[in-house]
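Written out below as structure tokens is the structure these notes cover.
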Amino acid sequence: MRKEYLQLDKIEGAIVELSNIHDARYGEIVEVEDERGDKKLGRVIKIENERVIIQVFGSTVGMSTHGTKVRFQGKPFEIPLSKDILGRTFNGVGKPIDGGGEIYSKETFNINGRPINPVAREYPRDYIQTGISSIDGLITLIRGQKLPIFSASGLPHNELAAQIVRYAKIKSKDGEKTNFCIVFAAMGVKHDEAHFFRDTFEKSHVLDRVVMYVNYADDPIMERIISPRCALTAAEYLAFEKNMHVLVIMTDITSYGEALREISSLREEVPSRRGYPGYLYSDLASLYERAGMLKNKEGSITLIPILTMPNDDITHPIPDLTGYITEGQIVLSRELYQKNIYPPINVLPSLSRLMKDGIGEGFTRKDHPDVANQLFSSYSKVQEVRALAQIIGEDDLSDNDKKYLEFGRQFEEVFITQGFNENRDILDTLNLGWEILKILPKEELDRLDSKLIEEYLGK
């Protein structure tokens, strides 16, 4: 039963305040109707004794404290879902914005999701091929994993996200999975960025397997909190109701964190580190932990959240806490980007903690773990040689060190660098790794089994 109250105490910005309310619930959805009959949704964000504060999804310009009606819906935010959402674009609160009409469904789903019992989780195994050598070869993405991309302002994380959406596919022992789709959530993006994503997906003929939730920079701040939850609810529906393998890409988590900080300030909460609320960790975990696989369910949710580090600071609260919750990270480098290397992935601080269980014989190729270890080890040595060359000069380096410098150049310019429209198979990536390792003397290949060296490099 909906409850209606006619008297408001205060309207300030997008905040509506009422008093003498006895039965409101935190997170409850409300309908706010002004004296002209225009309706907007809102959400209860604070309850203090009998005082209730509501965040309105939109502008409150023209609303009067005397002529505005507030109806409490008595339920959390829910969205209708069906398989027809594939190929569609929605706004931050799940309303269609592509002109394709409403989604009709007998069921509506709570955007806060259903908690997953840890005992019911399946351990991730099969890998997802992104078509990008540095990710597939060295930071392999596993189905059901949470693997964030740590970027910074001005770096091409949007292009990287679009490229992953275009070429990602699941490979397993049984072959390639065809029931694969992508849920894309954009938070606080400019209109031209949203157009770039949609245009790229359309030209690549992948739009029919992509669901987009777009919250623009000029949309209400509260929508930014809801849009990733709408996207993850759609992913859960496709994965666990329709048995699909879903890759969720969310950009930009920093915009989400800043929206959370602003709403926390409106609630008059005591700020924590750098002004963010003290519950930032648990709030981010409530998003990230919705990824995974369930026993007795064929579908899966793999999550790639993208965040921009303010001032390139990896110790900033958002990347710092994200690193604790997720299973590794892909770090983009401004130094590589300034060398015109795309994608500018810095492999040394990057990590995929589940990689070891989804590569090798039966998954990718038997030499994959050893090749990845050798490339990591050799590239790490390159950094030491470069530091030495800055002190004594490149001409005075030993022959071995000069080969490491050449290896470093080839690794960055041939292995890491690839075109935006270039899709590399995992076998091509591994063969390319062997080609670059040929630059080094065999005695330096101490992470490779001698049988593999003989098989792939010859005597």
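The values are calculated or read from the model by the stated rules, or taken from the named source; none is laboratory data. The structure presented is a predicted model; accordingly, all values stated were derived computationally and were not measured. As a convention, Cβ positions derive from the backbone with ideal geometry for all residues, glycine included, and neighbour counts pool all protein chains shown. Just the protein is used for accessible areas: all its heavy atoms, side chains included, with ligands, DNA and RNA removed. Shrake-Rupley method; radii C 1.70, N 1.55, O 1.52, S 1.80 Å.
Within the option set E412, E384, E406, E455, being over 29 Å from T130 (Cβ atoms), acidic (D, E) and not in a loop (DSSP other than H, G, I, E, B) holds for one residue only, E384. From the list N431, N400, the one residue that fits, being under 28 Å from P156 (Cα atoms) and either assigned to a helix (DSSP H, G or I) or not acidic (D, E) (or both), is N431. E268: open to solvent by 30 Å² or more (accessible area, probe 1.4 Å), among the acidic types (D, E) and either within 18 Å of I306 (Cα to Cα) or in contact with a Ser or Thr (Cβ under 9 Å, 6 or more places away or on another chain) (or both), yes or no? Against the criterion (open to solvent by 30 Å² or more (accessible area, probe 1.4 Å), among the acidic types (D, E) and either within 18 Å of I306 (Cα to Cα) or in contact with a Ser or Thr (Cβ under 9 Å, 6 or more places away or on another chain) (or both)), E268 does not qualify.
Of the listed requirements (1) part of a strand (DSSP E or B); (2) within 31 Å of the chain's Cα centre (by Cα); (3) farther than 22 Å from M187 by Cα, V70 misses just one: (2).
The set of residues in the range 23-40 being within 24 Å of N110 (Cβ to Cβ) and either modelled with pLDDT under 80 or in a loop (DSSP other than H, G, I, E, B) (or both) consists of D23, A24, R25, Y26, G27, E28.
Among the residues of the range 74-90, is there at least one that is part of a loop (DSSP other than H, G, I, E, B), modelled with pLDDT of 90 or more and over 20 Å from the mean Cα position of the chain (by Cα)? Yes; the residues of the range 74-90 include at least one that is part of a loop (DSSP other than H, G, I, E, B), modelled with pLDDT of 90 or more and over 20 Å from the mean Cα position of the chain (by Cα). Of all residue pairs spaced 6 or more apart or on separate chains, none has beta-carbon atoms under 9 Å together with a first member in the range 115-143 that is more than 18 Å from R166 (Cβ to Cβ) and free of Cβ contacts under 8 Å to residues at least 12 places away in the same chain and a second member that is open to solvent by less than 10 Å² (accessible area, probe 1.4 Å) and polar (S, T, N, Q). Among the residues here, S64 does not qualify as of a type outside the set (A, V, I, L, M, F, W, C) and either open to solvent by 40 Å² or more (accessible area, probe 1.4 Å) or modelled with pLDDT of 85 or more (or both). Only residues that are over 32 Å from the mean Cα position of the chain (by Cα) and either within 18 Å of G92 (Cα to Cα) or surrounded by 19 or more Cβ atoms within 10 Å (Cβ to Cβ) (or both) were counted in the range 25-50, giving 2.
Residues in the range 262-276 that are over 16 Å from P220 (Cβ atoms) and among the aliphatic types (A, V, I, L, M): V270 alone. Taking residues in the range 260-271 that are more than 16 Å from R43 (Cβ to Cβ) and among the basic types (K, R), and partners anywhere that are modelled with pLDDT of 85 or more and surrounded by 14 or more Cβ atoms within 10 Å (Cβ to Cβ), the pairs with Cβ atoms closer than 8 Å and at least 6 places apart or on different chains are R261/Y276; R261/P277. Suppose the filter is farther than 21 Å from N112 by Cβ and outside any helix (DSSP H, G or I); does N215 pass it? Against the criterion (farther than 21 Å from N112 by Cβ and outside any helix (DSSP H, G or I)), N215 does not qualify. Taken together, the criteria place G87 among residues that are within 24 Å of A186 (Cα to Cα), open to solvent by less than 70 Å² (accessible area, probe 1.4 Å) and in contact with an Asp or Glu (Cβ under 6 Å, 6 or more places away or on another chain).
Picking from residues in the range 434-446 that are surrounded by fewer than 17 Cβ atoms within 10 Å (Cβ to Cβ) and part of a loop (DSSP other than H, G, I, E, B), the one that is farthest from the chain's Cα centre (by Cα) is P441. Checked against (1) touching a residue at least 24 places away in the same chain (Cβ under 8 Å); (2) over 23 Å from S352 (Cα atoms); (3) not in a loop (DSSP other than H, G, I, E, B), N243 passes all but condition (3).
Does I53 fit the bill of being open to solvent by less than 20 Å² (accessible area, probe 1.4 Å) and over 26 Å from the mean Cα position of the chain (by Cα)? For I53, the condition - open to solvent by less than 20 Å² (accessible area, probe 1.4 Å) and over 26 Å from the mean Cα position of the chain (by Cα) - is met.
Please indicate, with yes or no, whether at least one residue in the range 418-434 is basic (K, R) and in contact with an Asp or Glu (Cβ under 8 Å, 6 or more places away or on another chain). Scanning the range 418-434, I find at least one residue that is basic (K, R) and in contact with an Asp or Glu (Cβ under 8 Å, 6 or more places away or on another chain), so the answer is yes. Residues that are open to solvent by less than 20 Å² (accessible area, probe 1.4 Å), more than 23 Å from T130 (Cβ to Cβ), free of Cβ contacts under 8 Å to residues at least 24 places away in the same chain and among the polar types (S, T, N, Q) are absent from the range 221-233 altogether.
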